[in-house]
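**Student:** Structure incoming, see below.
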Amino acid sequence: KHPAGAPDKDLAQRVTKVGIIGAGLMATQFAVLFVRRLRVPVVITDLDQTRVDQGVESIRAEIDKLADKGRISSDEQNRLKALVHGTTDKADFADCDWVIEAVFEELGVKQDVFADVEKHVAPEAVLATNTSSLSVDQIGAKLEHPERLVGFHFFNPVAVMPLIEVVRTPKTTDVALATAMATAKNLRKNAVITRDTPGFVVNRVLAKLLGEAMYAVDNGTSFSDVDEALSSLGLPMAPSELLDLVGLRVGAHVLDTHHRAFPDRFYDSENLHKLADYGALFEKDSKGKIKGFDKKALKIVSGGKSPL
Ligand code: 3HC
């Protein structure tokens with residue numbers, strides 16, 4: 001059954017201040033987008049001051065890059081930077097009317113994050129999660145007002161990828177959904193409303209691609225051969241490049257979620273989990289082309305016999 005269509009635009013609430021929970025790779029990228037496109041204050045938090053400071057630092061560096069490329073003036077560069085405020089005090093979220101989280105992909109962690117943030121924000125504030133594969137409805141399980149929760153799934157690199165998947169749960173109100181659609185539009189992204197199913201639309205398909213690529217690798221084809229074979233299809237990125245972009249941990253999580261939800265349909269790779277746990281990195285040649293994993297990482301999978 002197709003989800004209900006987009007609600008009446010007039011229901012959208014104005015977003016005047018954005019709260020971001022998590023100051024990692026995704027969160028900092030979309031923080032830049034929020035200040036640049038909405039021109040509203042953005043407050044960002046994480047577990048400790050060091051993470052917050054690093055996050056704010058990378059947001060500022062991205063804003064500087066925009067100025068260096070001539071995309072924004074130096075006045076704008078300063079204005080945008082001044083809109084970003086890092087904090088460890090959730091009281092700073094009190095007047096946010098849009099709060100989005102991009103913390104570790106673990107259900108319990110996300111549930112607690114929202115239960116906590118709900119204590120600090122106004123009852124009308126819309127809450128959004130950037131989860132890539134978890135159930136949005138379950139993420140809202142500890143909320144007093146789960147009807148204001150919506151999925152708002154960005155893609156990496158956030159500045160370039162045109163899509164946001166807006167996920168409606170059975171409880172999401174038209175107001176929350178309309179606000180999410182309007183926000184996506186104001187961020188100059190295409191929004192697609194999806195049902196709250198594992199992987200939504202895009203990651204469901206990517207899980208198939210990455211899973212089958214890992215299946216081939218785990219069964220004796222080298223990673224570079226899989227990459228080369230698939231690049232003939234004209235994909236923007238080969239499987240290893242995609243894994244490098246999103247990170248092995250996220251890649252492993254996407255496979256795990258889909259395999260758990262549909263064990264007969266999706267492959268999960270033990271090797272990928274081992275590599276992610278180890279913190280393996282791809283080795284690249286001087287042009288940045290991926291050659292494979294470093295030797296130490298290879299030793300931890302299949303006793304070094306893996307063709308990775
Ligand atoms: N981070 C930030 N910006 C990046 C980047 C990165 N890793 N890679 C490229 N860019 C920027 C460049 O700086 C450039 O910006 P500019 O126009 O302001 O200078 C712009 O992207 C274009 O870069 P290139 O000229 O190098 O263009 P390419 O032709 O190499 O394209 C790409 C780069 C757009 C990233 C292209 O390779 C692509 O579309 N790849 C597919 C990405 C993809 O599938 N993403 C989805 C991942 S899944 C996901 O995120 C969901 C999650 O839940 C797992």
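**Student:** Using label points projected 7 Å from each Cα along Cα→Cβ, tell me how many nm separate LYS119 and ASP75, to one decimal.
**Tutor:** The answer from the label model is 4.4 nm.
**Student:** If you keep only loop residues by DSSP, which trypsin sites (Lys or Arg not before Pro) in the stretch 1-98 have at most 15 other Cβ atoms within 10 Å of their Cβ?
**Tutor:** When the trypsin sites (Lys or Arg not before Pro) of the stretch 1-98 are filtered for loop state and at most 15 Cβ neighbours within 10 Å, LYS1, ARG14, ARG39, LYS69, ARG71 remain.
**Student:** Taking θ as phi - 60°, what are the ³J(HN,Hα) couplings along the stretch 226-242 by the Karplus curve (6.51, -1.76, 1.60), each to the nearest whole Hz, with x for Gly and Pro?
**Tutor:** 4, 4, 5, 4, 6, 5, 5, 7, x, 5, x, 9, 6, x, 5, 5, 5
**Student:** Work out the charge dipole of the stretch 45-88 with +1 on the Cβ of Lys and Arg and -1 on the Cβ of Asp and Glu about the Cα centre, then indicate which of GLY55, THR88, GLY70 is farthest towards its positive end.
**Tutor:** Result: GLY70.
**Student:** Within the chain, what's the longest stretch lacking GluC sites (Glu not before Pro) that sit in DSSP loops with no more than 15 other Cβ atoms inside 10 Å? List each step's numbers first, then the result.
**Tutor:** Numbers: sites that count: GLU106, GLU124, GLU144.
With a cap of 15 other Cβ atoms within 10 Å, the longest stretch comes to 145-308.
**Student:** Right, here's the next one. Let's see if you can work this out: charge +1 on each Lys and Arg Cβ, -1 on each Asp and Glu Cβ, no other charges. What is the dipole magnitude of the stretch 202-301 about its Cα centre, in debye to the nearest 20?
**Tutor:** Working: 13 positive and 15 negative charges, 42 e Å.
Here the size comes out at about 200 debye.
**Student:** Right, next: Find the Cα radius of gyration of the stretch 127-183, compare it with 2.2 N^0.38 Å by division, and give the number to two decimals. Could you put the intermediate results ahead of the total?
**Tutor:** Details: Rg = 11.3 Å, N = 57, 2.2 N^0.38 = 10.2 Å.
Against the empirical 2.2 N^0.38 Å value, I get 1.11 for the stretch 127-183.
**Student:** Normalized C-alpha radius of gyration of the stretch 68-141, against 2.2 N^0.38 Å?
**Tutor:** 1.38
**Student:** Using amide H atoms built in the peptide plane, which far-off residues or other-chain residues are under 5 Å from THR131 H to H?
**Tutor:** PHE152
**Student:** So, one more: Placing +1 at every Lys and Arg Cβ and -1 at every Asp and Glu Cβ, with all other atoms neutral, what dipole size does the chain have around its Cα centre, in debye to the nearest 20?
**Tutor:** Approximately 680 debye in magnitude.
**Student:** Assuming 0.692 mPa s and 37 °C, estimate D for the stretch 131-221 with Stokes-Einstein, Rh taken as the Kirkwood radius over Cα pairs, in µm²/s.
**Tutor:** D, rounded to a whole number, is 230 µm²/s.
**Student:** Rounded to whole Hz and in sequence order, give me ³J(HN,Hα) for the stretch 47-55 from the Karplus expression 6.51 cos²θ - 1.76 cosθ + 1.60, θ = phi - 60°, writing x for Gly and Pro.
**Tutor:** Whole-Hz 3J(HN,Hα) from phi for the stretch 47-55: 5, 8, 4, 4, 5, 4, 4, 5, x.
**Student:** Can you give the FRET efficiency to the nearest 0.05 for LEU233 and ALA91, using r as the Cβ-Cβ distance and R₀ = 41 Å?
**Tutor:** 0.20
**Student:** Dividing the Cα convex hull volume of the chain by residue count, how many Å³ per residue is that? Let's see the in-between values first.
**Tutor:** Working: hull volume 44.7 nm³, N = 308.
With only Cα atoms used, the chain gives 145 Å³ per residue.
**Student:** Distance check, please: which entries in LYS17/LYS119; LYS142/LYS208; LYS171/LYS208; LYS110/LYS189; LYS90/LYS110; LYS110/LYS185 exceed 21 angstrom between their Cα atoms?
**Tutor:** LYS142/LYS208; LYS171/LYS208; LYS110/LYS189; LYS110/LYS185
**Student:** What relative contact order, as a whole-number percentage, does the stretch 202-301 give when Cα pairs under 8 Å and 6 or more residues apart are counted?
**Tutor:** So the answer I get is 27 percent.
**Student:** Just to check I understand the Karplus step: with θ = phi - 60° and J = 6.51 cos²θ - 1.76 cosθ + 1.60, what whole-Hz values come out for the stretch 95-106, glycine and proline as x?
**Tutor:** Each residue of the stretch 95-106 in turn: 9, 6, 9, 9, 10, 10, 10, 9, 9, 3, 6, 9 Hz.
**Student:** Under 5 Å between amide hydrogens, which residues at least 5 positions from LYS284 or on another chain qualify, with H placed 1.01 Å from N in the peptide plane?
**Tutor:** LYS291
**Student:** A further question follows. Per residue of the chain, what 222 nm ellipticity follows from adding -39500 (n - 2.57) for every DSSP H run with n ≥ 4, rounded to the nearest 500?
**Tutor:** That comes out to -13500 deg cm²/dmol.
**Student:** Based on the alpha carbon coordinates of the stretch 1-77, what radius of gyration and maximum Cα-Cα distance (Dmax) apply, in Å?
**Tutor:** Over the stretch 1-77's Cα set, Rg and Dmax evaluate to 15.6, 50 Å.
**Student:** Additional query: Count neighbours as other Cβ atoms within 10 Å of each site's Cβ, and list the trypsin sites (Lys or Arg not before Pro) in the stretch 166-247 that are DSSP loop with at most 14 such neighbours.
**Tutor:** Filter output for the stretch 166-247: ARG188.
**Student:** Something else about it: So if the hydrodynamic radius of the stretch 202-301 is defined as the Kirkwood radius over C-alpha pairs, what does Stokes-Einstein give as its diffusion coefficient at 10 °C and 1.306 mPa s, in µm² per second? Could the numbers behind the result be given before it?
**Tutor:** Numbers: Rh = 13.6 Å.
For the chosen part, D equals 117 µm²/s.
**Student:** Between ALA207, ALA191, ALA229, where does the largest GNM mean-square fluctuation fall for the chain, given springs only between Cα atoms within less than 10 Å?
**Tutor:** Comparing ALA207, ALA191, ALA229 in the GNM, the peak value goes to ALA229.
Values quoted throughout were computed directly from the atomic coordinates according to the rules given, and no laboratory measurement underlies them. What you see is a predicted model, and the numbers here were worked out from it, not measured in a lab. A quick note on method: Cβ atoms are made from the backbone with ideal geometry, for glycine too, and the neighbour counts reach across all protein chains shown.
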